[in-house]
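Input: a single structure, listed below in structure tokens.
The values are calculated or read from the model by the stated rules, or taken from the named source; none is laboratory data. Everything numeric in this text was worked out from a predicted model, so none of it was measured. Cβ placement follows ideal geometry from the backbone for every residue including glycine, while neighbour counts extend to all protein chains displayed. In case anyone asks, the SASA skips ligands and DNA or RNA and just uses the protein heavy atoms, side chains included. Shrake-Rupley method; radii C 1.70, N 1.55, O 1.52, S 1.80 Å.
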Amino acid sequence: MNQERSAPVRQILGRVKRDEYVGRDAESARLIKHALRSAQQPRGVAAQSGGGLLVLAAPLAGVSEFLRQGYDQLFSRREVAPIYFALPRTGVTAVSAAIEFLNTFLLQYLAYRRDEPALCNLSLTLDDLIQLAPAADLTWIEEVVESYKRHRFGNNDSDLVRFCLTAPDRVPAQHGCFVMFDAVYLSNFADTDVSLASEIIRALTASRFSFTLAGLRREVLAAVERTGANTDTLEILRFETLAEADARELTTSAARRFNVALNDETRDLLCQQLEGSPFLIVALLQAARDKSVSLDSYFSCERLYVDELMGGWLQRYFSALLEQAAPEPEVRAAVIRLLCEAVPEGSRTASFAAWRKRLRLAGPEVAVLLRTLHVQELVNCDGENVDVSGGSEVWKDYLRTRFRLDALREPRALVVADVMAAALKRAPQSVARRYRSAASPRLRELVGQFNSQRVPQALFDYASFSASFTGATDEEVQAGIEEGPELQLPQVFHVSAGVSLSAELQRFGEENSVVARAFEKAGYTDASEVAWLVARLDSKLAADGLLVREWCERLRRLAQQLGFLRTQFWLISNEGFDEDALHVLREFAAYGSSQQQLDLLSARLNERVTPEPSAGAAEEFELVLPMGSDNELLAATAVEQVARRFQFSPEAINQIKTAVVEACINASEHSLSPDRKIYQRFRVENDKLVITIASRGIVPANIQGPPAAGKGLEQERQRDQRRGWGLELIMTLMDEVEFERVDEGTSLRMTKYRRRRS
Amino acid sequence: MLTRAEGKHLGEAIKSNVRSHCVGTTAVVYASDYLNKLTGERIERECKKQLDSGARALVIDFSDTELVNSIGISILLGIIDIAEKSGALVVFSDVNDETVQLFEMLGLTRHVVLAKDEQEAISGLATPPTQSHIIGH
């Protein structure tokens, strides 16, 4: 969090040190600005102008720590008394929660007024608090305590709850206070006699002072609507899980704090697998600390993950959620079965009636159960239907293990081994998804930015583009495309991932197909409505006619299924299209672009195209070369010097140089590398030079390994596949070659003997 | 989509940056010190241009070329194909030994004549070889 003022921030309620708390700058700025209304506005105005900030948090996004950090910041600023109260996690009554609020409020208010933050962590009676009250506050605090005692021994719980929750309004106007109400566990109070949610919302919205109410987004919004509060005066702050860069920073920071060994690869894996959730990331790192486990390989990460899922913290967390939703073991088992059995394709949604029947419960009971799961975003329930496709991958992993253990009664050892194997297999895929997304513009965002803009038509026409610009530098292309005709892009009003509309597209990855609904030119008429169906083809070589035809047919089927009357297909292939493919594109009146065209288009539409370099990569001290810019020549020069020093023959030196150049090109072309660097190591042993060329990233599907044995170079040429010779050339030029998939990328180990072995 | 003519018009603004000259109906095109995708494509463009202008033979001179990569070689194969379709001969001149070795590995030498230098290539084209593809090697 940024701090606008330079006063040091004391760690009072925050569980993370100020300088270790990562991200949330924008959210923090809004919270502080909002809080200071209480200090800056004329007293009494706040209630009329509305001072509410609703923080709508995604599950596991870390909103409680965010509020605690906000508390520490406000306390240190000395402009308004901050009050932070979190509803208890374990079930208590509405009355006891309200009493605890009153006590917390008075304690924190006095801590602020006396500037003694340590008071916040004490447990004091109301009489103790009176003793601590400064003279200016003594009277009203005594009155509050007296009134409390009267209400406490009365018979009306609602009155008592209301009294406690409205106590902050008794703070003298000249002092003010800012209540941050953490209602993440509001659902624990859904069945209490007094509607705590309604009382909280009424008390806060009627207050003279500005306030924040934070909680799970589905629950808080629904509660506000049920209460009938005036939402016009409420501001909304959406609190999501961390963005990628922040998640990485948090992971690094927390690992340092817990003294857990981590590397860039495992850091990225954790961020991806735990979906940027600060809650889960910190929990897993804490578990690593507790078990003295290093997280420096995918294997160690996944082993810990599975341990935690089967019997550790993750298991306890999700079990608690399930128990809250379904306290009875039999019902819980039935819920797990329902959630798991519905997972296969095409059966993700079941009716409310089906749930009732399967659970053998009355309607209201099922409604409560589903509401709990819905609030936690583990299912999507609209009252009629229940969609079980929601929830994080961690939740789904948990469910699957529970299902196999509890419902299918499979042996625990078998389940552990299977989950571990699945996690290990999934790890590189999970990271690959992130790299694909980072290495190229996101199609959804790109298409969403069309907005009727005019762009060079050549960017959508690979035939003319390649005819005009093959061999041209980027600058020349930039200048050249401006000369040609323009294409007016449609105004896109809705974009969705192809996978959300077609199960068939799922195997090609979520980020590789897009369906955009749009209008062409002016006017919103049937005639001008068009659907753009966009697909990115995963191919290293120029896409051929067969592949393009498959895609065009696939998109046509999809268009028919969805009832689109007018369509425009747009295919993107990294290396463009061959002649046959261009014929097919013309046959379907489809656009075709290479990655270069896409990058140019993306730049024009103000899209991010440059892969984000990984933090800290530039500090590595190895022979590391950036990819591209003919930098393979630098590698060749370096290895030449090394080989010459060890008296390799000129012929061998040249072979080594060529092999290194090919390896570098392979690394650059075949990986969606996050850091765009090539790591090289040259090691001289007794009679040989061992060269390792490694890169982080992923390998496209069509070049997952070395060529099949016996397949000659000439044969390849005859297949007219004139790319992809690099690896086989290396194998011919070097004495030993080992192609290795490492945790997160590829490593090519090449050996050249000074005297070639027979 | 753009017509081919429009595409050509756009391309005219781009200079190939490849040195070349003609001796009669033979075009001599000079490869740069490093033959890779970019420089290979430039040579390809220049060769196409020369063939379109009526060249009956192409000499690609490698006297400056120290290093060649596989992408560059794949582009050379493309040039050979184009020349074959146009009925033109292709001669590679002044290719260093290491590069010749690579060409052999990748099957280029079956489809192209090698000459010691440009002079030999041009004179060799005047009297086409009968027994060997390799002139002076």
As an exercise, find the ratio Rg/Rh for the stretch A:443-604 from alpha-carbon atoms, using the Kirkwood inverse-distance average for Rh. 0.95
Check B:Phe92: other-chain or 5+ apart residues with amide H under 5 Å from its amide H, H built from backbone geometry? B:Ile60, B:Val113, B:Leu114, B:Ala115
For A:Ala190 paired with B:Glu104, estimate the spin-label separation in nm (one decimal), with each label point 7 Å from Cα along the Cα-to-Cβ line. 7.9 nm
Spherically averaged projected area of the stretch B:16-66 from its Cα convex hull (nm²): 3.1 nm²
With a cut-off of at most 16 other beta carbons within 10 Å, and DSSP calling the residue loop, which chymotrypsin sites (Phe, Trp or Tyr not before Pro) in the stretch A:506-546 qualify? Please list them. A:Tyr524
Stokes-Einstein D for the stretch A:239-398 at 37 °C, 0.692 mPa s, Kirkwood Rh over Cα pairs, in µm²/s? 193 µm²/s
What are the trypsin sites (Lys or Arg not before Pro) within the stretch A:345-392 that DSSP puts in a loop, where the Cβ has at most 16 other Cβ atoms within 10 Å? A:Arg348, A:Arg360
Grab the Cα-Cα distance for A:Asn230 and A:Asn121, subtract it from 0.36 nm times how many residues apart they are, and report the gain in nm with one decimal. 35.8 nm
Percent antiparallel among DSSP beta bridges (both partners in the protein assembly as shown, rounded to 5): 50 percent
I'd like the accessible area for A:Arg10, computed on protein heavy atoms only with a 1.4 Å probe and all protein chains in place. Round to 10 Å², please. 90 Å²
Interatomic Cα distance distribution for the protein assembly as shown, bins of 20 angstrom, percent: 12, 35, 31, 16, 5, 1
For the stretch A:389-405, Karplus-derived ³J(HN,Hα) couplings (6.51, -1.76, 1.60; θ = phi - 60°; whole Hz; x for glycine and proline) come out as 7, x, x, 6, 5, 5, 4, 5, 4, 4, 4, 4, 5, 5, 4, 5, 6
Take A:Glu587, project a point 7 Å from its Cα along the Cβ direction, then tell me which residues of the stretch A:457-498 have their backbone nitrogen under 19 Å from it. A:462-463
Hey, with R₀ at 60 Å, roughly what FRET efficiency would A:Ala603 and A:Ala136 work out to, going by the Cβ-Cβ distance, to 0.05? 0.45
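Looking at the stretch A:126-231, which chymotrypsin sites (Phe, Trp or Tyr not before Pro) are DSSP coil and have at most 14 other C-beta atoms within 10 Å of their C-beta?
Working: sites: A:Trp140, A:Tyr148, A:Phe153, A:Phe163, A:Phe178, A:Phe181, A:Tyr185, A:Phe189, A:Phe209, A:Phe211; in loops: A:Phe153, A:Tyr185, A:Phe209.
Hits after loop and neighbour filter: A:Phe153.
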Helix A:650-670 axis, angle to chain A major axis (alpha carbon atoms, nearest 10°): 40 degrees
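Any chance you could list the semi-axes, whole Å, largest first, of the equivalent ellipsoid that the Cα gyration tensor gives for the stretch A:150-263, using √(5λ)?
Ellipsoid half-lengths, sorted descending, are 35, 17, 17 Å.
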With both partners inside the stretch B:17-126, how many of the DSSP beta bridges are antiparallel, as a percent to the nearest 5? 20 percent
Strictly greater than 23 Å: what percent of every Cα pair in the stretch A:38-182 meets that? 37 percent
Among A:Val260, A:Phe85, A:Ala531, whose Cα projects farthest towards the positive end of the dipole of the protein assembly as shown, with charges put on the beta-carbon of Lys, Arg (+1) and Asp, Glu (-1)? A:Phe85
